[in-house]
């Protein structure tokens, strides 16, 4: 376990330095350096710096999710093709076809988890900084790291936010203040996690992607992640709960912005975008392409009328064909259809005389 924690030391150093730099900036503009609010805002600043750094990864996540939604029908076809086949050859063929489909569309199901996976080392590093570096002690005990000197570490460990220390946990504290604050943060964290997943699963997915095994996995994940946080949240320090809550709120806002302005084709979000643009154009009296709505409507009606008139004109000009009766005369036979007294379309034509 110590070997694993030693791998997090460089990330702990980065996390501690960003916290101290944000703390110093807040103190420079007038915040009380020893206040718990200042140190809590330092964690908020840390979260924002990390999330801004992860924006390219977030963009890649959105593209991967859209690609997975596009290929969802093809994945279902592959799964249906090998449904019920348990032999090794069929499983290998199914895996090969699935990987070929991922390669063709340059995506994979793990790309959508990149932001979460990349944040996990930061999450555990912050946990270590708050639980180990900021625990009560005396200056010079060897727990300083980077810019987080012994004096700042002691100051941060003694700072309180609504009567709770940043290193307090729901289960590890006997006071009511840390438990109340931890409960509020856990509920907020769970709610933001749920609505972020729901926003991606239902609002930004086309109808074709809401069916099949992959859609079922998304629905399970929608409820599983909040449940995991309900169980694990009481063990997290309040500082970690602040980080995760702010990060979830950032994700929800970022997703809302992207989904609102650039939704997945065929999704409910795209329909809402089209409705907003139409309503906006109607209020301004302008269509999206610069024409007024009335002009666009008149042009569409005129084009439809012209197309209908052209179709009717072609029908009127089409020549009628004379249909020949069955049993027409063959060479060497009399044409009975041209007997005197018979009326027909070919009466005016001379008949073939019998020999």
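Residues of region 35-68 that are in a loop (DSSP other than H, G, I, E, B) and at pLDDT 90 or above: 35 alone. In region 1-33, the qualifying residues are those that are at pLDDT below 90 and assigned to a loop (DSSP other than H, G, I, E, B), and the one that is surrounded by the fewest Cβ atoms within 10 Å (Cβ to Cβ) is 1.
Within region 42-65, residues that are in contact (Cβ under 8 Å) with a residue 12 or more places away in the chain reach partners that are crowded, with 20+ Cβ neighbours inside 10 Å and not in a helix (DSSP H, G or I) with beta carbons closer than 7 Å, at six or more positions or on different chains, in the pairs 64/107. The residue list 173, 167 contains one member that is free of Cβ contacts under 8 Å to residues at least 12 places away in the same chain and within 28 Å of residue 34 (Cα to Cα), which is 173.
Within region 78-92, the only residue that satisfies the criterion of being more than 22 Å from residue 67 (Cα to Cα) and surrounded by 15 or more Cβ atoms within 10 Å (Cβ to Cβ) is 82.
Yes/no matrix, rows are residues, columns are (1) outside any helix (DSSP H, G or I); (2) buried (at least 19 other Cβ atoms within 10 Å of the Cβ); (3) modelled with pLDDT of 85 or more:
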position	(1), (2), (3)
198	no, no, no
209	no, yes, no
221	no, no, no
228	no, no, no
234	no, no, yes
243	no, yes, yes
253	no, no, yes
259	no, yes, no
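Say whether the condition of being out of contact with any strand residue (DSSP E or B) (no Cβ under 9 Å at 6 or more places or on another chain), surrounded by 15 or more Cβ atoms within 10 Å (Cβ to Cβ), at pLDDT below 75 and within 30 Å of residue 172 (Cβ to Cβ) is met by at least one residue in region 107-115. The answer is yes; a qualifying residue exists. Within region 258-282, the set of residues being without any contact (Cβ under 8 Å) to a residue 24 or more places away in the chain and within 20 Å of the chain's Cα centre (by Cα) comprises 260, 261, 262, 270, 271, 272, 273, 274. Of all residues in region 154-196, those that are part of a helix (DSSP H, G or I) and either more than 15 Å from residue 242 (Cα to Cα) or at pLDDT 85 or above (or both) total 25.
The values are calculated or read from the model by the stated rules, or taken from the named source; none is laboratory data. Note that the coordinates shown come from a computational prediction; the quantities given were computed from them, not determined experimentally. Every residue, glycine among them, receives a Cβ derived from its backbone with ideal geometry; neighbour counts consider all protein chains shown.
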